[in-house]
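This report refers to the structure that appears directly beneath it.
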Amino acid sequence: MYGDNTLGIPILTVVTLLPLLGALVVTLLPKNASNAIRWTAIATAGIDMLLMLVVLGSYVSAGAGFQLVDRIEWAPGLGLEYYLGVDGIALLLYALTSLLSLVAVVYSFSSVNHRLKEYYASLLVLETGMLGVFVALDLALFYVFFELTLIPMALLIGVWGHGRKLYSAMKFFLYTLAGSLVMLAAIVSVYVQTAAGPGEPTLNYVDIAQQAPSWSYGFQTWMFWGFFFAFAVKMPLFPFHTWLPDAHVDAPTAGSIILAGVLLKLGGYGFLRWLIPLSPEASIDFAVVPITLSVVAILYGAYITLVQRDLKKLVAYSSVASMGFTVLGIFTFSPQGVQGAILQMVSHGLISGALFLGVGVIYERLHTREIAKMGGIANLMGGFTGLFVVLSLANLGLPGMSAFVAEILVTLAAFQVRWWLAVPVYAYIIISAAYMLWMVARVFYLGQPQANHAMPPMKIWQEAVPLVGLALLSVLIGVWATPFLDTMAPAVTALLDSLPIAPDTGTAWSP
């Protein structure tokens, strides 16, 4: 049966599984039908994006709870369900996934020319895994989608990447797998815990979130650390971040767009959807750990970015700091902080995805990522330079761009919790301005490229349109954030209402 889906069709199922169907069609096409393979992948991702617009249009921003629900009890005796639903926490990330997947597929049209069937099949399977993570409301189903992202991403790095691609793919695979196995043990524990209760065993999000406050403190502690490790590795949060720069540097451009734009967000979403609801008391008591690690990540990410000489590594390390903002906002347990964290994930997805696409544009023409071998690109590609500069300014939090709104919300929340938590945020703002402006000057305005290669203009559909579109979306959020914040508000309020909030502070922190 289908749940309270006002559309009358299982729209979330269609949007989530359509890329998987597209991957199957791609694998059935002849190997020499290159254009058919490319256009099938583009059509799949494009139709999926159009259907995503239907989801966005059907979502009631003022509504509470999960909407557009698809629910089937496929193993009633075991308490397992096919259960999909979307709320304000998931909706924007769900849409971001579809958008960036389309950008990655379109960009790859002329930049990837070998093993096309396997390449596009991997991209589309990866898209289904990421989409499923954001709408799965059965913990076992969530784990299936979470794991489904692992192998396709590792293949994209290991087969179509550069440099030490096999090393980077294996490092990404082992880090993520280690975290996932710990989470699997936690999921099994949840199942056993519910089976020991008066009702039927279940992994249904709604049911276990209602039961979690009554679980023993010791069990909640195990839930916190079991899920924390998996999601901290996925983000990645310091000190679990070491796989990220290698994976980014050696991944193909489309892989970096997806990795930075969406995959890192699975960890932040996991904190909000599963870790906090399943360990409400423990989350309050142990919040000092992610708060401390997020502050270290913000400062470490900023300082290490200052010394990078590889353009792709520079953008990658800036992601470590950005994800630190996300964790800081989440564990303030305040409406401003959590909304800022979600907005930061969306903003970072748009901006970092566009920046990695821009790095790919440069690499295709100069065949180098070393900043020292670049220079004077503004004289050769004026339009591209303007777009990249705008995106660089957006990345450092320029007012009027999406990152500014997100960082302001997180900073205000941190200041209200502990005033000194705002200090590293201010330091990051100064340092990020230094490394982004230094990079822009060296790459675009000073000197000439040492590599003697032609600098043809941007490809309209594969490069220019995606860059312009992502930049405009960042501006839209930066100047008109209210609709996005209003969409999140009911779900964020419901999440925080389930926590033991200190009445004298308005947050979960005691004075």
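The values are calculated or read from the model by the stated rules, or taken from the named source; none is laboratory data. Remember, predicted model here, so these are calculated numbers, not experimental data. We place every Cβ from the backbone using ideal geometry, glycine too, and count neighbours over all the protein chains shown.
Of LEU123, LEU53, all but one fail to be of a type in the set (A, V, I, L, M), in a helix (DSSP H, G or I) and over 30 Å from GLU364 (Cβ atoms); the exception is LEU53. Does SER189 satisfy the condition of being out of contact with any Cys (no Cβ under 8 Å at 6 or more places or on another chain), hydroxyl-bearing (Ser, Thr, Tyr) and surrounded by fewer than 21 Cβ atoms within 10 Å (Cβ to Cβ)? Yes, satisfied.
Against the test of being out of contact with any Leu (no Cβ under 7 Å at 6 or more places or on another chain) and either in contact (Cβ under 8 Å) with a residue 12 or more places away in the chain or of a type in the set (Phe, Trp, Tyr) (or both), the options ALA316, ALA341, ALA297 yield a single qualifying residue, ALA341. Looking only at the stretch 215-239, which residues are surrounded by fewer than 21 Cβ atoms within 10 Å (Cβ to Cβ) and at pLDDT below 85? Passing the criteria: only PRO239. Of all residues in the stretch 373-382, none satisfies being surrounded by fewer than 24 Cβ atoms within 10 Å (Cβ to Cβ), at pLDDT 85 or above and more than 22 Å from ALA316 (Cβ to Cβ). Among the residues of the stretch 142-172, those identified as in a loop (DSSP other than H, G, I, E, B) and either more than 19 Å from the chain's Cα centre (by Cα) or surrounded by fewer than 23 Cβ atoms within 10 Å (Cβ to Cβ) (or both) are GLY161, HIS162, GLY163, ARG164.
Results for (1) free of Cβ contacts under 8 Å to residues at least 12 places away in the same chain; (2) within 26 Å of GLY79 (Cβ to Cβ), shown as yes or no for each residue.
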| site | (1), (2) |
| --- | --- |
| ILE157 | no, no |
| HIS162 | no, no |
| SER168 | no, no |
| SER189 | no, yes |
| GLY199 | yes, yes |
| LEU203 | no, yes |
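Considered as a group, the residues in the stretch 280-304 that are crowded, with 24+ Cβ neighbours inside 10 Å and of a type in the set (Ser, Thr, Tyr) include one that is farthest from LEU366 (Cα to Cα), and that residue is SER283. Of the helices (runs of 4 or more DSSP H) lying entirely inside the stretch 405-511, the ones with 1 or more residues being modelled with pLDDT under 80 are found at 422-440. Within the stretch 101-117, can one find any residue that is more than 30 Å from LEU366 (Cα to Cα) and of a type outside the set (D, E, K, R)? Looking for residues that are more than 30 Å from LEU366 (Cα to Cα) and of a type outside the set (D, E, K, R), one finds none in the stretch 101-117, hence no. Which residue is nearest to the chain's Cα centre (by Cα), if the candidates are limited to the stretch 21-43 and must be outside any helix (DSSP H, G or I) and surrounded by 13 or more Cβ atoms within 10 Å (Cβ to Cβ)? So the residue we want is LEU29.
When GLY267, GLY261 are checked against the criterion of being touching a residue at least 24 places away in the same chain (Cβ under 8 Å), crowded, with 22+ Cβ neighbours inside 10 Å, over 14 Å from LEU328 (Cα atoms) and touching a Leu at 6+ places or on another chain (Cβ under 8 Å), a single residue qualifies: GLY261.
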